[in-house]
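Have a look at the structure below before the remarks.
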């Protein structure tokens, strides 16, 4: 067990000499070793982490330290760290070492966080169960016969199993919020453009975001604060002012909560619904205004999402062709053959499915019917949220219709698998922030998650309401 | 060309922009560095990298748009052109597709017989270059990524040209403009200017276009003209023989002077264009546009006008001197030293252009500095040397790269302008050639030239011809009067 609830407690313990950072890192390393069966990590940087721990412990003692000094962080294996493996859990990048460090990771390092390793995930962040990793499934720490969710399954499991303090995941359609829900931890997807994507291996560039997993809202807010802000290396990152999220978590302004009927329809498990209903009741009891809203284009989110993200993915994954780096098939007789063989052998089934789908929707003769139309629907979905946020500050939904399912349960039916993201993809289509709050457990002891959404760049209200729920409702 | 038919030609010109750094990363664009040395994770297309647009690329393209009378779109967007090739690290080229930055412009080209023609510009857009494959390395093919991401500007013309000559003139005009704007060095042989041509033929007077064929790989201005001429004649032949033209992509073979079809596999491309999600739309507001417009360098038409008027040059001279910016620059440097504007023009148009055309060199590499040519012209006009001597000195300036005054001194070529000295020589000459003097006095005045020749021979060409003429006439006139008296 860890002797602290959040980072500010941890920092104080280290500062007062009551906790050795080196011992703390050793503890995590031994836990990682002990819980190897979870398969949460693709690589562990034991030596580096211990050296860092020693160095940063000194810095804490002298008082010259960064804002995350000693925070132990695991990073999803789609983010580049110089000279470290960056595999994206794919055979095609199995032996690939990044030659530069992602901006997000660099900002953590610059604040004296300790990067303990890189976490397993669905191949190129494509999946909802972590069953698409070339390096095997990640197991759910609550029930190892079940999936941890995906695609950031390793990052969610690592925090849930106490293999690190905080982790970074990426969220293109729910890949932070859904596994956070399945593993029972907090996970935040920021506004698109809030955090630089430089160094995040692209899946769907206009959807991809980076965000933290943590056991508490305070740590989420703190890490978000560090990660946020304009990066000259990412043209889509914004120079919007970054609020001091971690210092302003108290609910001191009126935050109205919207409930959209479209998010409570059929397909949602009764236990999930009950858990969320009881939260809504308690919120009412605490004088939080609950407003019924409508997001009329909700039914088109999954279709729109899969047309646009696969289109972008088909282009983003073209660079893995065996020509310059990564996997090259041994047997090939000419250039087209080298491409075909390398990509056929290097990519997994789901990645190939999405590349084919994306190539199809961008093809001459189909572009207008699929890609262009989906772009228009994306605009309509965004408009839905714009309208809704005229009347409420946050929207409350289930994170996923169900709790963690059994390994192998949905692998034969991609559509069924895609539905586990039915409540999360809309935030990526609209570019708005969202968070998973663990609300409790079902009768089998499996975590249930609730999602809050807010308008673009309103992470502050999102975090305030989450903090309120964490401390006053749960 | 068969009189029954007319050709319809449109050109797509790619111009490599002279920016210091690449279009989407900070790497140098310097040509000739060691292979794969001007590279970074971004232009290498490593996982997770993102493009950031070089502002200079926008500015340069807007300059070209303004110089070609285009509409500069307030909003333009980038798109991805997707295809697999080893010289394309990302598997797509960042280009502009549905919303280019410049549209609907035109340029005026000059044709033989001093007629002019307006050629429409459909669009000008920004994109990035690909790398280079090196095949002459045994069984292996090597990739050089240095050129990846070097900014290009693509200029697409309307199908307004009707002959290979017009295409040639259009291309020459484009080269002239990019050089004047100093946004591209315009060198086709080195690939900084590239041209693809769409060619079709139709019966004269027909409204419909024929089926077009695209010709690629023409690496010089002359080859563009030759390839188009070749293709026009071939298409006419096919039609005359009762055949039909099929759409094809052709490659020009400069050695054989022929075009050959590309393998059909290579041309069966569906580029699957879609908006580039990693780049924001390019917004050009009025303020930025007018700022660029304000600092637009003088364009060839304006310079021609100005030079003709200011230096009192014939139109023909002004046209020829402004054809290329470096030549016009050279001229204006010469006349910063001398006031003899017309002489300066004559020297450049005859002596210098002859050498640089023969040697195929750029005037910027011409060994005689403009200031030295100016000095040479001054030596003539102030009577220090004769024009004849100047023509002798000039080759020495080219070869020995010496200042004209130094050569004059070294070879003792100073003109004899001392009237007393020349008078002496005139007298001697007349004395020596008394029979010719008698002929002259008898009315054969053509002998005058003979005397001049003798005097020049005597002085090794150094005598001031004006003084010689004056003194000689004076003397002969005096002799004539003597006889009459």
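Looking only at the range B:331-349, which residues are assigned to a helix (DSSP H, G or I) and within 15 Å of residue B:313 (Cα to Cα)? Once the filter is applied, which keeps residues that are assigned to a helix (DSSP H, G or I) and within 15 Å of residue B:313 (Cα to Cα), the range B:331-349 yields B:331, B:332, B:334, B:341, B:342, B:343, B:344, B:345, B:346, B:347, B:348, B:349.
Every residue, every condition in (1) surrounded by fewer than 16 Cβ atoms within 10 Å (Cβ to Cβ); (2) in contact with a helix residue (DSSP H, G or I) (Cβ under 9 Å, 6 or more places away or on another chain); (3) closer than 21 Å to residue A:402 by Cα; (4) modelled with pLDDT of 95 or more, yes or no:
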{"position": "A:279", "(1), (2), (3), (4)": "no, yes, yes, yes"}
{"position": "A:284", "(1), (2), (3), (4)": "yes, no, no, yes"}
{"position": "A:294", "(1), (2), (3), (4)": "yes, yes, no, yes"}
{"position": "A:299", "(1), (2), (3), (4)": "yes, yes, yes, no"}
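Elements of the type strands (runs of 3 or more DSSP E) sitting completely within the range B:119-164 and holding at least 3 residues that are touching a helix residue (DSSP H, G or I) at 6+ places or on another chain (Cβ under 8 Å) and in contact (Cβ under 8 Å) with a residue 12 or more places away in the chain: these cover B:151-157.
Residue B:426 - would you say it is touching a residue at least 24 places away in the same chain (Cβ under 8 Å), assigned to a helix (DSSP H, G or I), buried (at least 16 other Cβ atoms within 10 Å of the Cβ) and under 47 Å from the mean Cα position of the chain (by Cα)? Spelling it out, it is not the case that residue B:426 is touching a residue at least 24 places away in the same chain (Cβ under 8 Å), assigned to a helix (DSSP H, G or I), buried (at least 16 other Cβ atoms within 10 Å of the Cβ) and under 47 Å from the mean Cα position of the chain (by Cα). Taking the criterion of being within 11 Å of chain B (Cβ to nearest Cβ) and in contact (Cβ under 8 Å) with a residue 60 or more places away in the chain, the residues of the range A:323-338 that qualify are A:325, A:326. In the range B:249-276, of all residues being modelled with pLDDT of 95 or more and in contact with a helix residue (DSSP H, G or I) (Cβ under 6 Å, 6 or more places away or on another chain), the one that is farthest from the other protein chains (Cβ to nearest Cβ) corresponds to B:274. Within the bounds of the range A:304-313, is there any residue that is more than 14 Å from chain B (Cβ to nearest Cβ), over 23 Å from the mean Cα position of the chain (by Cα) and surrounded by 16 or more Cβ atoms within 10 Å (Cβ to Cβ)? Checked against the condition, which is being more than 14 Å from chain B (Cβ to nearest Cβ), over 23 Å from the mean Cα position of the chain (by Cα) and surrounded by 16 or more Cβ atoms within 10 Å (Cβ to Cβ), the range A:304-313 yields no hits at all. Is it true that some residue in the range A:133-143 is more than 13 Å from the chain's Cα centre (by Cα), under 29 Å from residue A:403 (Cβ atoms), more than 14 Å from every other protein chain (Cβ to nearest Cβ) and part of a strand (DSSP E or B)? Scanning the range A:133-143, I find at least one residue that is more than 13 Å from the chain's Cα centre (by Cα), under 29 Å from residue A:403 (Cβ atoms), more than 14 Å from every other protein chain (Cβ to nearest Cβ) and part of a strand (DSSP E or B), so the answer is yes.
For the range B:357-376, state whether one or more residues are in contact (Cβ under 8 Å) with a residue 12 or more places away in the chain, closer than 30 Å to residue B:116 by Cβ and assigned to a helix (DSSP H, G or I). Scanning the range B:357-376 turns up at least one residue that is in contact (Cβ under 8 Å) with a residue 12 or more places away in the chain, closer than 30 Å to residue B:116 by Cβ and assigned to a helix (DSSP H, G or I).
With the requirement that a residue be part of a loop (DSSP other than H, G, I, E, B) and within 20 Å of residue A:68 (Cα to Cα), what does the range A:149-166 give you? Passing the criteria: A:162, A:163, A:164, A:165. Determine whether the range A:352-365 contains at least one residue that is more than 30 Å from residue A:401 (Cβ to Cβ), without any contact (Cβ under 8 Å) to a residue 60 or more places away in the chain and more than 14 Å from chain B (Cβ to nearest Cβ). Taking every residue of the range A:352-365 in turn, none turns out to be more than 30 Å from residue A:401 (Cβ to Cβ), without any contact (Cβ under 8 Å) to a residue 60 or more places away in the chain and more than 14 Å from chain B (Cβ to nearest Cβ).
Here B:327, B:389 are screened, and the one residue that is closer than 30 Å to residue B:68 by Cα and either assigned to a helix (DSSP H, G or I) or in the same structural domain as residue B:63 (by TED's automatic domain parsing) (or both) is B:327.
Within the range B:168-200, track down each residue that is assigned to a loop (DSSP other than H, G, I, E, B) and in contact (Cβ under 8 Å) with a residue 60 or more places away in the chain. Correct list: B:182, B:183, B:184, B:185, B:186, B:190, B:191, B:192.
The criterion of at least 3 residues that are more than 25 Å from the chain's Cα centre (by Cα) and either more than 26 Å from residue B:186 (Cβ to Cβ) or not assigned by TED's automatic domain parsing to the domain that holds residue B:49 (or both) is met, among strands (runs of 3 or more DSSP E) falling completely within the range B:201-294, by B:258-261. One residue stands out in the range B:232-246 among those that are in contact (Cβ under 8 Å) with a residue 24 or more places away in the chain and in contact with a helix residue (DSSP H, G or I) (Cβ under 9 Å, 6 or more places away or on another chain): the one that is farthest from residue B:164 (Cα to Cα), namely B:244. Checked against the criterion of being under 42 Å from the mean Cα position of the chain (by Cα) and either under 27 Å from residue B:344 (Cα atoms) or at pLDDT 80 or above (or both), the candidates B:478, B:390 yield just one match: B:390.
The residues listed here are B:97, B:85; of these, the one that is surrounded by fewer than 22 Cβ atoms within 10 Å (Cβ to Cβ), over 25 Å from the mean Cα position of the chain (by Cα) and over 28 Å from residue A:102 (Cβ atoms) is B:97.
From the list A:119, A:103, the lone residue that is at the interface with another protein chain (Cβ under 10 Å from one of its Cβ atoms), closer than 26 Å to residue A:67 by Cα and touching a residue at least 12 places away in the same chain (Cβ under 8 Å) is A:103.
The values are calculated or read from the model by the stated rules, or taken from the named source; none is laboratory data. Everything quoted here is computed from the prediction, not taken from an experiment. Quick reminder, even Gly has a Cβ in these numbers, built from the backbone with ideal geometry, and neighbours come from all protein chains shown.
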